[in-house]
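The values are calculated or read from the model by the stated rules, or taken from the named source; none is laboratory data. These numbers come from a predicted model, not from an experiment. Methodologically, a virtual Cβ is constructed for each residue, glycine included, from the backbone with ideal geometry; neighbour enumeration extends over all protein chains shown. Just so you know, the surface numbers come from the protein's heavy atoms only, side chains and all, with ligands and any DNA or RNA stripped out. Shrake-Rupley method; radii C 1.70, N 1.55, O 1.52, S 1.80 Å.
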Amino acid sequence: MTEENSIHRESRLAKLKTLTESGYNPYPYKFVPNVYAADLQEKYKDLEPGVDTQDRVTIAGRAMAVRNSGMFIDVKDVTGKIQAFCHKNHLNETDMARLKCLDVGDMVGISGYIRRTPRGELSIAAEKFDIIAKSLQPLPEKFHGLTDVEARYRQRYVDFIMNDDSKEIYKKRCQITSAIRHYFEKNNFLEVETPILHPIMGGANAKPFITHNNSLDMDMYLRIAPELYLKRLVVGGFDRVFEIGRNFRNEGIDKSHNPEFTALEAYQAYADYNTMADLIPELIASVAKEVLGTTVITYDGNEIDLAKPYVKKSMIDLVKEYTGLDFMQAETLADAQKMSQSIGIDTSFCTSWGKVISEVFDEKVEANLIQPTLVMDMPRDISPLAKTHRSNPRLVEHFDAYICGMEMGCAYSELSNPLEQRERFEAQCAAREAGDEEAQMLDEDFINALENGFPPSGGMGMGIDRLAILLTGAATIRDVIAFPTLRKRD
């Protein structure tokens with residue numbers, strides 16, 4: 001705390017003491033407003049300057065500005081702002097004494113009648129004044145707001161108080177989640193919940209967080225994906241399921257990655273990745289239309305029509321387009337590594353042919369995919385849960401959806417052959433032993449579930465935080481998460 005803030009806090013503590021010593025509780029159990037600021041602004045928009053009404057209301061909100069020793073207070077509630085006019089002609093001595101203890105940032109409750117001042121400001125002429133939460137911390141300076149990036153994310157509650165743009169972004173993010181639910185419920189999907197604590201890491205290639213269950217005396221993993229449990233439900237006869245929940249990956253933090261994030265996954269029996277290639281664009285367009293009222297957005301200076309058909313190109317073809325290299329000509333891992341090194345990309349750490357292609361794609365292609373694109377047909381050895389491509393055994397039926405250089409989601413024709421799934425898992429285990437920390441583990445119970453018969457299915461996953469970045473125009477994932485993960489304060 002700065003010395004200036006400490007002085008302000010001492011002043012506020014003194015006012016709090018004055019209030020409590022007078023017998024007043026500035027932290028009441030309840031206060032009931034009967035109207036919102038935005039509703040008043042709309043209802044009385046045609047009220048002429050200088051006109052008083054007989055309409056009496058009660059509002060509650062935060063004092064964002066205090067002028068003329070409390071005579072004029074700008075009160076901000078969840079919908080907007082309205083002025084309160086506090087004058088000794090309308091307030092009793094007790095209320096006037098209480099008014100002297102008011103600071104910017106205090107929560108207040110005010111009852112009175114509606115008027116428009118001679119200068120044209122819609123106001124509530126206060127007949128009753130209450131402080132309903134005394135703030136002990138000063139708000140940031142009015143005209144600059146909370147501009148320090150570090151402070152914005154560490155004290156997100158203050159950011160939301162001061163910055164309407166931040167609040168609007170987060171509000172839209174919540175609406176996006178609701179719109180996703182509406183889409184899937186409309187299409188007869190059942191929302192389900194699956195475990196977050198996993199005995200075996202699986203469902204995606206990622207580094208996990210590890211915890212310990214004291215009761216069972218066993219290490220467990222915070223889930224990196226719900227995929228394997230959702231597929232178990234499909235085996236059990238739930239043909240269309242989806243889940244929205246938190247995933248955890250012990251990886252880097254940047255503008256599009258946070259260690260804990262909100263993900264959507266959905267699975268549909270009797271479908272394949274072509275079904276999902278229709279579903280994902282339709283879902284994104286539907287959410288944009290519901291939340292924004294349009295499917296045309298502008299992100300980072302690029303106009304995107306989310307209702308237009310997505311470009312479809314294979315990963316191999318896109319790498320060839322941007323590098324001139326055809327990795328289908330590479331027969332071995334060593335061949336692929338040699339090709340990547342020819343364009344200055346070190347892939348010596350890669351453990352498979354597909355991993356090399358993925359690294360080259362990330363370095364040379366990803367950022368160029370501005371218009372909505374489905375990157376089709378991934379290498380088989382980096383996608384252990386997808387069906388082998390029906391026309392090329394080195395590939396799988398797996399695509400990633402990209403917009404504005406960001407991966408928005410992915411989808412598979414889900415692997416349903418339990419014998420092939422075991423082989424894939426065993427290959428992943430070998431990759432782990434060779435040093436690939438992101439490779440998946442062998443899940444015997446999941447294979448057992450497949451042995452009970454898993455119908456042909458299409459599945460998809462999407463990061464809701466990234467979709468929120470796209471639809472709100474946010475600069476970073478931190479702007480769409482209420483409380484992003486940050487380094488420990490010194």
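Could you check, for region 49-59, whether at least one of its residues is assigned to a strand (DSSP E or B), buried (at least 16 other Cβ atoms within 10 Å of the Cβ) and in contact with a Pro (Cβ under 6 Å, 6 or more places away or on another chain)? Scanning region 49-59 turns up at least one residue that is assigned to a strand (DSSP E or B), buried (at least 16 other Cβ atoms within 10 Å of the Cβ) and in contact with a Pro (Cβ under 6 Å, 6 or more places away or on another chain).
The set of residues in region 112-131 that are open to solvent by 30 Å² or more (accessible area, probe 1.4 Å) and within 29 Å of Glu21 (Cβ to Cβ) comprises Glu127, Lys128. Each residue in region 65-75 was checked for being open to solvent by 40 Å² or more (accessible area, probe 1.4 Å) and either of a type outside the set (Ser, Thr, Tyr) or within 31 Å of the chain's Cα centre (by Cα) (or both), and 5 of them qualify.
Of all residues in region 264-318, those satisfying the criterion of being among the β-branched types (Val, Ile, Thr), within 20 Å of Arg173 (Cα to Cα) and open to solvent by 20 Å² or more (accessible area, probe 1.4 Å) are Val291, Thr294, Thr295, Val296, Thr298. Restricting to region 339-381, name every residue that is of a type in the set (Gly, Ala, Ser) and more than 29 Å from the chain's Cα centre (by Cα). Within region 339-381, Ser340, Ser342, Gly344, Ser348, Ser352, Gly354 qualify.
In region 182-202, which residues are surrounded by 15 or more Cβ atoms within 10 Å (Cβ to Cβ) and part of a helix (DSSP H, G or I)? Result: Tyr183, Phe184. The strands (runs of 3 or more DSSP E) found wholly in region 230-300 and carrying at least 1 residues that are of a type in the set (A, V, I, L, M, F, W, C) and under 19 Å from Ile403 (Cα atoms) occupy 260-269, 296-299. Within region 468-476, one or more residues are open to solvent by less than 30 Å² (accessible area, probe 1.4 Å), hydroxyl-bearing (Ser, Thr, Tyr), over 25 Å from Tyr273 (Cβ atoms) and not in a strand (DSSP E or B).
Taken as a whole, the condition of being under 21 Å from Ile180 (Cβ atoms) and touching a Cys at 6+ places or on another chain (Cβ under 9 Å) applies to Leu470. Is it the case, given these coordinates, that Arg422 is within 20 Å of Leu264 (Cα to Cα), open to solvent by 40 Å² or more (accessible area, probe 1.4 Å) and of a type outside the set (Asp, Glu)? The answer is no for Arg422. Of all the residues in region 259-312, those that are farther than 24 Å from Asn368 by Cα and of a type in the set (Phe, Trp, Tyr) number 3. The residue pairs whose first member lies in region 388-405 and is within 15 Å of Ser416 (Cβ to Cβ), whose second member is small (Gly, Ala, Ser) and part of a strand (DSSP E or B), and whose beta carbons are closer than 8 Å, counting only pairs six or more residues apart or on different chains, are Val396/Ala386; Val396/Ser413; Glu397/Ala386; Glu397/Ser413; His398/Ala386; His398/Ala411; His398/Ser413. Against the condition surrounded by 22 or more Cβ atoms within 10 Å (Cβ to Cβ), not in a helix (DSSP H, G or I) and not hydroxyl-bearing (Ser, Thr, Tyr), how does Gly453 come out, does it pass? No, not satisfied.
The set of residues from region 337-393 being of a type in the set (Val, Ile, Thr), modelled with pLDDT under 95 and either part of a loop (DSSP other than H, G, I, E, B) or open to solvent by 50 Å² or more (accessible area, probe 1.4 Å) (or both) comprises just one member, Thr351. Yes or no: region 87-94 includes at least one residue that is over 35 Å from the mean Cα position of the chain (by Cα) and closer than 16 Å to Thr58 by Cβ. Within region 87-94, one or more residues are over 35 Å from the mean Cα position of the chain (by Cα) and closer than 16 Å to Thr58 by Cβ.
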